[in-house]
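Remarks on the structure that follows.
The values are calculated or read from the model by the stated rules, or taken from the named source; none is laboratory data. All of these numbers come straight from a predicted model, not from anything done at the bench. Here Cβ is always computed from backbone atoms with ideal geometry, including for glycine, and neighbour counts include all displayed protein chains.
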Amino acid sequence: MLAALAGGCAGGEWRATPEAAQKVNRGHAPHTTAQGAPLAAYDAARSFFPIGIYNVLAGIRHGRDHRGDFKLFAASGFNTGFAWVNQELSEVLDSAEAAGLQIVWHHPDDAQLAVTAAHARVLGYDVDHDPSLVEPDEWTPNRLAEFARQRARIRGRDALRPVFAVDAPAITDGRRESWLAWKRAGDVGVVWKYPFMRPPVDTLSGPRGVPEIVTLAGKAMAGRPMWYVAQAFESPILDWYMPDAREVRAMVYAALVHGATGIIWFSADSHVSRNGRVLGISPEPARDYAIVERPPGIAHPPLVADETQRQSSRRLWADVVALNGELARLGPAILSATSARDYAVAVRDTGYPWTAAVPRTQTPVRALLKEIDGAFVLLAVNLDRRSVEARFDFGAPVRDLARLFEARAAPAPDGNFWTERFEPFGVRVYRFRLGEAGG
């Protein structure tokens, strides 16, 4: 049957997509413990899959009470917070301890390291942000050298936890080699790619697409963990729009299928995001936080949200919380080595016309296969805003096929394979076994 999937390429016929089955993390799955120690194999007692959120606040800031925020985040499926820089370390760590949340701390000084190095709630340290947004010039080697110095200083006082830069998706326009150098310099690769900008996005793939960014980062990390920073915001000034539930789920699964072993959401809604003209996610976003806390010289006022925007913030908060539940359940599979078993994926179009402006994605469905608890788990995502039918062939009888996270019954296998229609930006998670029953 594997050979039969190499059918013609005309519309409506099966088309083999040999690049669909991702082989990243075969033999290992680089990740860390909750305190940042590197692991290559899943350990139920020690492995940690970060589900994080950016710009967490603790204590009382500018008259606003954030003392319950960490417990809200923990109850909503987040296990990690990237702490906003302008706050007291002791307040952040006390809140993290009370909520059971891990913390990433920005650019610690030596006095802070004396505390964080011994604190169980610290996951790691971010030292530089978006270094690749600046085109490589004579200062790039100096910036890399300074990062190396800071990493050596921090690791000299805390030999356990990773030190890294959080970087932009700047892999085109002559920035690729510099971008790769930044990935190689850190202990963890942390990259953002916010794909949802107006006009509506037709595909998650492209020269700087989610699959391309995550795949390239994983190769550069060469056996070290890779975390993906996912879009959970809108920014009218920069034309980013708030993704819907289907879009945000496809974005996250595209990152997972291509090798991410952690998901960090950007960003919680607060005066921090609004000062950057960004509307983040919150169950209760304010119309106007009326707080200015940012570097001098920024002329624009903080973002004030209208009721439609506040509704979109609440909606996406709920969508992210639901997705966090999926991620937590999938954590053991994601942190397990990718299966060495080969399989074939073929696709056929479902009647949507292709145009010169929106060319055909050659491999619209991407998949990643894991083995855990005596069964296979397959993650599959349609990268396009167009329906497609997919066919998965494993060269052996498929049995006990079930969809995870959906109430609908799974398709009935036809011997060694099954087929299913993927809606635009559709995601499927399957669990199944191979071989004859009782064999």
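Going by what's in this entry, would residue 184 be described as over 26 Å from residue 135 (Cβ atoms) and outside any loop (DSSP other than H, G, I, E, B)? So residue 184 does not fit the description; no. Out of all the residues in the stretch 198-229, which are assigned to a strand (DSSP E or B) and farther than 23 Å from residue 385 by Cα? Passing the criteria: 226, 227.
This table checks each residue for (1) at pLDDT below 95; (2) of a type in the set (S, T, N, Q); (3) within 29 Å of residue 40 (Cα to Cα); (4) not in a loop (DSSP other than H, G, I, E, B).
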{"residue": "352", "(1), (2), (3), (4)": "yes, no, no, no"}
{"residue": "362", "(1), (2), (3), (4)": "yes, yes, no, no"}
{"residue": "367", "(1), (2), (3), (4)": "no, no, yes, yes"}
{"residue": "371", "(1), (2), (3), (4)": "no, no, yes, yes"}
{"residue": "389", "(1), (2), (3), (4)": "no, no, no, yes"}
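A count restricted to the stretch 169-213 and to residues that are of a type in the set (Lys, Arg) and surrounded by fewer than 17 Cβ atoms within 10 Å (Cβ to Cβ) stands at 4. Is it fair to say residue 272 is surrounded by 15 or more Cβ atoms within 10 Å (Cβ to Cβ), within 17 Å of residue 129 (Cβ to Cβ), out of contact with any Ser or Thr (no Cβ under 7 Å at 6 or more places or on another chain) and among the β-branched types (Val, Ile, Thr)? Yes. Among the residues making up the stretch 407-439, those that are loosely packed, with under 12 Cβ neighbours inside 10 Å, without any contact (Cβ under 8 Å) to a residue 12 or more places away in the chain and not aliphatic (A, V, I, L, M) are 408, 438, 439. Of all the residues in the stretch 42-63, those that are over 24 Å from residue 115 (Cβ atoms) and modelled with pLDDT of 95 or more number 7. Being farther than 29 Å from residue 425 by Cα and under 16 Å from the mean Cα position of the chain (by Cα) is a property that holds for residue 165.
Among the conditions (1) without any contact (Cβ under 8 Å) to a residue 24 or more places away in the chain; (2) in contact with a Leu (Cβ under 8 Å, 6 or more places away or on another chain), residue 303 misses just one, which is (1). Considering the stretch 108-123, the residues that are in contact (Cβ under 8 Å) with a residue 24 or more places away in the chain and in contact with a helix residue (DSSP H, G or I) (Cβ under 7 Å, 6 or more places away or on another chain) include one that is surrounded by the most Cβ atoms within 10 Å (Cβ to Cβ), namely 122. Looking only at residues of the stretch 177-229 that are closer than 23 Å to residue 427 by Cβ and acidic (Asp, Glu), we find that the one that is farthest from the chain's Cα centre (by Cα) is 202.
Within the stretch 27-61, take every residue that is in contact with a Phe, Trp or Tyr (Cβ under 8 Å, 6 or more places away or on another chain) and in a loop (DSSP other than H, G, I, E, B) and give me the one that is nearest to residue 330 (Cα to Cα). Give the derivation first.
Filtering the stretch 27-61 down to residues in contact with a Phe, Trp or Tyr (Cβ under 8 Å, 6 or more places away or on another chain) leaves 29, 31-34, 50-58.
Checking the rest, the ones that are also in a loop (DSSP other than H, G, I, E, B) come to 29, 33-34, 50, 57-58.
Working: 29: 14, 33: 16, 34: 17, 50: 12, 57: 28, 58: 29 Å.
Filtering the stretch 27-61 for residues that are in contact with a Phe, Trp or Tyr (Cβ under 8 Å, 6 or more places away or on another chain) and in a loop (DSSP other than H, G, I, E, B), the one nearest to residue 330 (Cα to Cα) comes out as 50.
Taking the conditions (1) within 20 Å of residue 433 (Cα to Cα); (2) in contact with a helix residue (DSSP H, G or I) (Cβ under 8 Å, 6 or more places away or on another chain); (3) crowded, with 18+ Cβ neighbours inside 10 Å in turn, residue 319 satisfies each one other than (1). Screening the candidates 283, 301, 296 for the property of being touching a Phe, Trp or Tyr at 6+ places or on another chain (Cβ under 6 Å), assigned by TED's automatic domain parsing to the domain that holds residue 321, outside any strand (DSSP E or B) and not charged (D, E, K, R) yields one hit, 283. Of all residues in the stretch 323-348, those being surrounded by 16 or more Cβ atoms within 10 Å (Cβ to Cβ) and in a helix (DSSP H, G or I) number 9.
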